[in-house]
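The values are calculated or read from the model by the stated rules, or taken from the named source; none is laboratory data. Everything quoted here is computed from the prediction, not taken from an experiment. So basically every Cβ, Gly included, is an ideal-geometry build from the backbone, and we count neighbours across all protein chains shown. For accessibility, only protein heavy atoms count, side chains too; no ligands or nucleic acids. Shrake-Rupley method; radii C 1.70, N 1.55, O 1.52, S 1.80 Å.
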Amino acid sequence: MIADIEEFSSAEAIERVVEFMSTLPTENGWNSFQPLRLYEGFWTFPHFLESIILTQHRFKPKPGDIFLCSAPKSGTTWLKALSFAIVTRNLYDTSNSPLLTNGPHHCVPDMVGFEHKPDIRQPGIPLIPTHAPYHCLPKSVLGSGDVKVVYICRDLKDAFVSIFHFAAKRRPKENEHISIEEAFELFYQRRSIFGPAWDHILGYWKASQERPEKVMFLKYEELMNDSELYVKKLAEFIGYPFSFEEEQGGVVKKLIDLCSFENLREGKVGDWQNHLTPEMGNRLDNIVEQKLSGTGLSFELNNGSS
């Protein structure tokens with residue numbers, strides 16, 4: 001049983017998880033490097049799922065740990081960069097930050113391969129990124145008051161377009177290409193990586209409403225529109241607030257400028273209009289509006305009108 005893997009060695013735990021994953025429903029419509037597997041209501045690649053299951057049952061948090069959470073292509077890289085810049089600003093100047101040479105994914109590595117690392121944290125860096133839905137975070141984290149969770153999401157139309165292009169670049173050459181229309185239908189029908197996308201968002205949104213001292217909910221578009229405000233809120237929430245002197249000295253703006261290239265890499269707000277038809281955009285807006293109805297969460301619809 002998966003619930004018992006706490007009791008086994010790393011090798012035995014991995015073996016049991018791999019065996020368990022082979023029994024899960026699959027979806028291969030994306031023709032990607034692996035079929036998606038359905039686990040606890042969401043789809044993902046075994047590449048990610050192994051670590052998610054292992055950390056669910058075996059991860060031991062430390063006081064001050066900060067989980068950086070997002071669905072793929074929803075602001076992940078920018079959130080990593082900003083968070084790293086905030087927590088290390090007393091170690092590095094913006095002119096010699098490791099972000100400039102190594103990039104956010106090296107500075108804040110993912111949890112993939114959890115069982116093969118004695119500590120997934122970088123030395124002195126309490127940041128732990130994951131794409132896992134809220135209910136699939138480690139049980140030890142969900143029950144801890146000493147761990148903070150920051151979640152970022154973005155308009156699902158833009159997120160879908162980014163996922164489509166990301167998947168296309170990484171599709172094995174021998175696998176048949178799928179059109180953006182085919183991928184859209186899979187996304188709409190909830191069969192996409194870490195889909196249903198709206199459930200991923202709602203899980204963190206509800207947690208942020210129930211436990212605002214533990215879970216912070218960010219929107220990519222709001223962070224774009226007023227970066228300084230939300231970066232200060234982020235720093236305050238994770239326990240690294242800016243001093244009055246830092247604010248007056250322009251430290252916040254310097255950190256934002258340092259990370260601005262990661263912001264641009266994530267994609268432009270509203271870029272979906274260059275790839276999807278208005279009908280496709282409306283379909284996605286309608287289902288998102290339906291799923292979010294009554295939750296208090298909404299997204300400003302960017303439908304291309306002036």
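Restricted to segment 275-289, and to residues that are free of Cβ contacts under 8 Å to residues at least 40 places away in the same chain and in a helix (DSSP H, G or I), which residue is surrounded by the fewest Cβ atoms within 10 Å (Cβ to Cβ)?
My answer is Glu279.
Could you look through segment 236-251, keep only residues that are open to solvent by less than 50 Å² (accessible area, probe 1.4 Å) and either under 25 Å from the mean Cα position of the chain (by Cα) or hydroxyl-bearing (Ser, Thr, Tyr) (or both), and pick out the one that is farthest from Pro63 (Cα to Cα)?
The initial filter retains those residues of segment 236-251 that are open to solvent by less than 50 Å² (accessible area, probe 1.4 Å), namely 237-238, 242-243, 246, 249-251.
Applying the additional criterion that residues be either under 25 Å from the mean Cα position of the chain (by Cα) or hydroxyl-bearing (Ser, Thr, Tyr) (or both) yields 237-238, 242-243.
Working: Phe237: 14, Ile238: 12, Phe242: 21, Ser243: 23 Å.
Among residues in segment 236-251 that are open to solvent by less than 50 Å² (accessible area, probe 1.4 Å) and either under 25 Å from the mean Cα position of the chain (by Cα) or hydroxyl-bearing (Ser, Thr, Tyr) (or both), the one farthest from Pro63 (Cα to Cα) is Ser243.
Could you tell me which residue of segment 36-49 is farthest from Ile14 (Cα to Cα), considering only residues that are free of Cβ contacts under 8 Å to residues at least 60 places away in the same chain and not hydrophobic (A, V, I, L, M, F, W, C)? Walk me through it before giving the result.
Of all residues in segment 36-49, those free of Cβ contacts under 8 Å to residues at least 60 places away in the same chain come to 37-38, 46, 49.
Within this subset, residues satisfying the condition of being not hydrophobic (A, V, I, L, M, F, W, C) are 37, 46.
Details: Arg37: 17, Pro46: 12 Å.
Per the criteria, the residue is Arg37.
Give me the pairs, please: first residue somewhere in segment 145-172 and touching a residue at least 12 places away in the same chain (Cβ under 8 Å), second residue anywhere and open to solvent by less than 10 Å² (accessible area, probe 1.4 Å) and among the acidic types (Asp, Glu), beta-carbon distance under 9 Å, and either six or more positions apart or on two chains.
Between residues of segment 145-172 that are touching a residue at least 12 places away in the same chain (Cβ under 8 Å) and residues that are open to solvent by less than 10 Å² (accessible area, probe 1.4 Å) and among the acidic types (Asp, Glu), the close pairs are Asp146/Asp65; Val147/Asp65; Lys148/Asp65.
Would a scan of segment 8-22 turn up a residue that is free of Cβ contacts under 8 Å to residues at least 60 places away in the same chain and among the β-branched types (Val, Ile, Thr)?
Scanning segment 8-22 turns up at least one residue that is free of Cβ contacts under 8 Å to residues at least 60 places away in the same chain and among the β-branched types (Val, Ile, Thr).
What number of residues in segment 76-102 are without any contact (Cβ under 8 Å) to a residue 60 or more places away in the chain and surrounded by fewer than 24 Cβ atoms within 10 Å (Cβ to Cβ)?
Our first condition is that a residue be without any contact (Cβ under 8 Å) to a residue 60 or more places away in the chain; within segment 76-102, this holds for 84, 88, 90-93, 95-96, 98, 101-102.
Narrowing further to those that are surrounded by fewer than 24 Cβ atoms within 10 Å (Cβ to Cβ): 88, 90-93, 95-96, 98, 101-102.
Qualifying residue count, segment 76-102: 10.
Provide a single number: the residues in segment 1-40 that are surrounded by 13 or more Cβ atoms within 10 Å (Cβ to Cβ), more than 25 Å from His200 (Cα to Cα) and modelled with pLDDT of 90 or more.
2
Residues that are open to solvent by 30 Å² or more (accessible area, probe 1.4 Å): find the strands (runs of 3 or more DSSP E) completely inside segment 118-222 holding 2 or more of those.
Working: elements: 127-130, 148-153, 215-219.
Passing ranges, in order: 215-219.
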